[in-house]
Structure formats: structure tokens, C-alpha cells
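Following: one structure in C-alpha cells, then a few remarks.
The values are calculated or read from the model by the stated rules, or taken from the named source; none is laboratory data. For clarity, every value in this text was computed on a predicted model and none was experimentally measured. Note: ideal-geometry Cβ built from the backbone for every residue, glycine included; neighbour counts use all protein chains shown. Note: areas computed on protein heavy atoms with side chains; ligands, DNA, RNA excluded. Shrake-Rupley method; radii C 1.70, N 1.55, O 1.52, S 1.80 Å.
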Amino acid sequence: MPNEAWFHRAVAYQIYPRSFADSDGDGIGDLRGITSRLDHLARLGVDVVWLSPIYRSPQDDNGYDIADYQDIDPVFGTLADFDELLAGLHRHDIKLVMDLVVNHTSDEHPWFVESRRDRTNARRDWYWWRPPAVDGGPPNNWRSAFSGSAWTLDEATGEYYLHLFSRKQPDLTWENPEVRQAVYAMMRWWLDRGVDGFRMDVINMISKDVTLPDGPVRPGERYGDPGPHTFCGPRVHEFLQEMRREVFAGRPGPLLTVGETPGIDVADARLFSDPARGELDMVFQFEHVDLDHDGSKWRRRPLGLVTLKRCLARWQDGLAATGWNSLYWSNHDQPRPVSRFGDDRPEHRVDSAKALGTILHLHRGTPYVYQGEELGMTNMAFRSLADFRDIETINHAAEALAAGEARDAVLASVAPASRDNARTPMQWDAGPHGGFSTVEPWLAVNPNHEEINAAAAEADPGSVLHHYRRLIALRHQDPVVAHGSFELLLEDDADLWAFTRTLGEQQLLVVANCSDRPRQVPFDGWADEETVLHTGPKGTEADVLGPWAARVTRRVVGR
Ligand code: TEU
């Protein structure tokens, strides 16, 4: 088998600690909360947990702004709580992957506090400081991902610092070898503590074009897009190879490295994840979750099934021989998949969530389940701009209002796209606050928790949860799922998502009806093949799939 690795058979589960389980009644999820819910993960059968940041942080971006990489934020607990969680996961044979956020730190990190003190201090060039442009404005036209300029003027020293995200997230200068060594030392410290790897936040942004040229400006916009000068800069592969040598070489494994890599294409992905190059185990790329963006995530265009399935197929083909991809519909930055790619109306929610899960988990790659996806949790019906907590949403709404957009229009644009859709608390039961907390949580629980919750799903053999367990078990048991080659069928069909996975003489045929009408399946003999999985309403005829039904069949093919 070319390119075989343990993580080809693994399934990861992402926990957003703030929203998972609150053990101490402050309305915010915490480490002990997670430890109290390990059974949920063990029964699901996942192999790896990716934990969003729990480090000491002012929480400007919910922990993606780190003030101390080697301590736990009091809101989440203590290092002792962390060790207990790690031991608990390991007892269940689940690996723990930390979120490594090293493109930037918090402005409250001691490195930055020192760096901003004066122009000549030893840490000044740990960050991107630049004098104002001739007109006194920012050094270039880059837009921050969280609205406004990517530069903030530090009045005391008269220079601007770069922050591709919030002004409380200054970018580190990876050009400086001292920065890199400090990051590697911190990573070794966590590995020595027993963690099993890292999910690396925006890791393809650590090398920038050091001349910092202006980015392209879209018509009608004030700022330029930094992407061409910040994604996959000239030294990114060199830095990652160095990191591999300095941090991972010679360590007993298996360890996991997954790079969050917005804006990359298939060719970049091959470079990052080719095992022979010694960079990352896999990428976590964005193409399929950007397809419905019309230039900006706040402006959406309709997404047809043909576009979506061709996109996934292109990545399957492109990484068939070299490299490895993550498979995901959702994470803490994306709206809920059943509301976005499926159909969250009551009559189709469960079936479409199961169909989407089936499609994703039968692709080649490592699936990531984001908390609540296994329950078919939906987007929130946000009613007011005051409901949002996410800095990206809040900043964008403020900017749009300031530009004269009507409040209703702003709400309509942010509600379906806001990251807060993914961040509403985990729905454990039908009780107050969904069993997440005993008090009003930091972000309101979706009122549909009375129906959609883990306890109800547990009791219902037809639930999304039970189906996800089957999907995860299938990847563990069936080498065709992990290793088989991929071929997209019926490429132009706007309703049916169909493909085969083939390994030797074994072939799985996956067909899902991604529509709310019954559909005939045009494959000879399909109705009589051995069923591996079937979800959703059976059709009236044997060769028909009901609305949002999906079926996986097995057959033997000639070599
Ligand atoms: O997100 C990186 C990223 O690409 C974001 O711009 C993402 O596209 C945006 O959130 C979508 O609206 C990572 C983290 O996942 C995110 O939570 C952080 O806010 C961000 O980095 C900064 O650390």
C-alpha cells in the first residue's frame, strides 16, 4: 500500500472547550467538564481529540490569542485538570492534539509587552514593527481578517505593528530564529507532558513576503487582501521542515501534525503533506467551505451539488498518490453543516445529517467530527445583533453599520455565516441550558435542544449519533474505506452524490440522494448488491432512494 499511516484509519473529534461542558457553574465550558463527558467520546469511537485553545488568554478571540503558552486559562481550569483529562483520554485510547497558535500571540503575552516597550529592546523584532507610511497611515493596505486595517499604531513608540487578525493578536516574526526556537521549546514541553501532536492554526501564514507589498483591492473596498503575500510565503516549507527536525524527530510516536491551511490549492497540499518532505501529516484546507462565499463570507451565493462534489473529487484525485487531507464539514469557524449543506427542516434534518456524514466518512482522508455534528445540531436563529459574541461577527457588523447598512440587512447577512452558529453550547439533554451548564451560558443554548440533544439521540437507534458510530466503526474495520482509491460517478447529476472506493477486488459504492425528492439510482444491479449501510427513507421501488437517503453497497470487481 503506498503511503500508509495509522491516521488513515483514524477519526478525530474537535472540542471547543468554551462550549462543551461547564463543570463549575460559571456558564463557560472547562477541562473538568470535558473529563466528565469522556464516555460520549469513547462510545462514539473516535481516535483523536483536537482541543481548541485552553491556554492563558485574555479571550479576545476565545483563546486564539495566547498570553502564556505553558499555562491553562483559569476559566478552563488548571494544569492538574489538564493532566487528568489527558490521562482520561489515554485510558480510552484516545490521543490528544493541542491547538498550536503561533502565527501570533496575544498583545498581553510577555514577548509582546516587552517588544512594544521601546524601539531598541531585544524582542522588538519578534513582531512586525514598521514606521508609518508618508501620510502617517499604516505601512500597507492589508485588511485584518477581523475588519479594519491589519496594522495598529503604537502611540508610545510611533510605529505600527501587524495583526492579520484582531489588534490583540500581533503576528510573530518567524524570520527571527529566536522566535522559532522559543516556539519549538514550548512544543517539546507539551510533548514531554504527554500530548500526541498539534493542530497548527493558520500555519501557512507564518512566512510572509518581507517586503510587505500592498494586496489587491476589490471594487468598492478600502483595504487590500493580504492573502497573496501571507499565504505560503517563501520560507513556509523551510520553517515546517525545521520544526519537524527540532520538535518531532526521534520521538516515540505515533504523533499527529495537522496544518490549518486556508487559501492553499492541491499542489500546495502535496508539498505540505508529502511524507518524504517531512513537514505535516495532513492539511486542513478550505476550498469546499469557501465555495458559497461571494468574495466575502458575509455575501453568499447558491452552491449547487455539482460544484461541491467536484471540488471534493478534485482533492481526492490530487492527493491520490502523494499527501493527505482532512475531511470536514464543520469546525468552530463554520456554520452548522446540516443547515448549510443539508436541510435542517424538521422532516429532513436527521436524514440529511446522516447523508452528509456518510458522504464525508466514505471519502479518503481523515474525518474530523466537530462537537454537536454527531447530533445533527443546527444553526441558531439569531434575532438581534446583540446575540453575537464572536469578535469577527461583532467587528464586521460594526463596520457595516458604520458604512450605513441597515440593521436588519446586517443581521440577515451575519446570522447564517457567523462563527457563533458553531459555538452555541453542546446540547446534552432537554433540561435547562441543554445540560451544558446550571446557569445562563456565555452564548445562549439553541432552543431546539429540547428536541436535539445527546440523551435523546442515545435513546433513538435511528439518530444521527448512532449513525456516526457506525461510520467511525466502518473506517476502523474496512480497509477499503481507509485506503481504497476514489472515483466520482454521475458527475453532472444535481441530486445524487455517487462514488466508488476500490481496493483490490473489493469495491464500495456510495450513493446519496441530496434532495428532498425520491430519486431513481441508474446503476445496473445496484438494488441487489450487499448493503453495508443504509440511511433515510427507502424508496417505493428497490432502485429508488428516498429524500436524503444514502446507501453504501459492497461488490467484488475484476482486477
Ligand atoms: O482561523 C483561521 C482562518 O482562516 C480564519 O480566518 C477563518 O477563515 C475565519 O475564522 C472564518 O471566518 C483560525 C482559527 O480557527 C480561528 O478560530 C481564529 O480566529 C484564527 O485562526 C486566528 O487565530
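Quick look at the values:
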item: Hits in the stretch 494-515 - residues which are out of contact with any Gly (no Cβ under 6 Å at 6 or more places or on another chain), surrounded by fewer than 17 Cβ atoms within 10 Å (Cβ to Cβ) and in a strand (DSSP E or B); result: 506
item: Residues of the stretch 364-422 classified as of a type in the set (Val, Ile, Thr) and closer than 30 Å to residue 503 by Cα, total; result: 2
item: One residue from 206, 94 being open to solvent by less than 30 Å² (accessible area, probe 1.4 Å), within 16 Å of the ligand (Cβ to nearest atom) and within 28 Å of the chain's Cα centre (by Cα); result: 206
item: Any hit, the stretch 311-318, residues being in a loop (DSSP other than H, G, I, E, B), among the aromatic types (Phe, Trp, Tyr) and away from the ligand (no atom under 15 Å from the Cβ); result: no
item: Scan of the stretch 288-298 for residues that are closer than 14 Å to residue 331 by Cα and open to solvent by 30 Å² or more (accessible area, probe 1.4 Å), ordered by number; result: 290
item: From the options 461, 518, residue that is surrounded by fewer than 20 Cβ atoms within 10 Å (Cβ to Cβ) and closer than 25 Å to residue 46 by Cα; result: 461
item: Helices (runs of 4 or more DSSP H) wholly inside the stretch 176-262 that include at least 1 residues being within 29 Å of residue 94 (Cα to Cα); result: 177-193, 236-243
item: Scope the stretch 319-356; condition over 27 Å from residue 462 (Cα atoms), more than 12 Å from the chain's Cα centre (by Cα) and either assigned to a loop (DSSP other than H, G, I, E, B) or within 16 Å of the ligand (Cβ to nearest atom) (or both); matching residues; result: 319, 320, 321, 322, 323, 324
item: Matching residues in the stretch 529-538 - criterion: being at pLDDT below 95 and either part of a strand (DSSP E or B) or over 35 Å from the mean Cα position of the chain (by Cα) (or both); result: 538
item: Only one of 56, 18, 43, 37 that is modelled with pLDDT of 95 or more, open to solvent by 10 Å² or more (accessible area, probe 1.4 Å), within 16 Å of the chain's Cα centre (by Cα) and not hydroxyl-bearing (Ser, Thr, Tyr); result: 18
item: The stretch 502-559: number of residues that are in contact with a Leu (Cβ under 9 Å, 6 or more places away or on another chain) and of a type in the set (D, E, K, R); result: 6
item: Selection count, the stretch 71-87, where residues are over 23 Å from the mean Cα position of the chain (by Cα) and outside any helix (DSSP H, G or I); result: 4
item: Residue within the stretch 99-121 that is open to solvent by 10 Å² or more (accessible area, probe 1.4 Å) and farther than 29 Å from residue 174 by Cα present; result: no
item: From the options 135, 125, residue that is open to solvent by 10 Å² or more (accessible area, probe 1.4 Å), over 15 Å from residue 65 (Cα atoms), more than 16 Å from the ligand (Cβ to nearest atom) and not in a loop (DSSP other than H, G, I, E, B); result: 125
item: Residue in the stretch 35-48 that is among the small types (Gly, Ala, Ser), within 16 Å of the ligand (Cβ to nearest atom) and touching a residue at least 12 places away in the same chain (Cβ under 8 Å) present; result: no
item: Test for residue 364: is it farther than 27 Å from residue 411 by Cα, open to solvent by 20 Å² or more (accessible area, probe 1.4 Å) and either assigned to a loop (DSSP other than H, G, I, E, B) or within 16 Å of the ligand (Cβ to nearest atom) (or both); result: yes
item: Selected residue [open to solvent by less than 50 Å² (accessible area, probe 1.4 Å), aliphatic (A, V, I, L, M), without any contact (Cβ under 8 Å) to a residue 60 or more places away in the chain and within 16 Å of the ligand (Cβ to nearest atom)] from 266, 283; result: 283
item: Failed item in (1) over 26 Å from residue 427 (Cα atoms); (2) within 16 Å of the ligand (Cβ to nearest atom); (3) buried (at least 17 other Cβ atoms within 10 Å of the Cβ), with residue 273 passing the rest; result: (2)
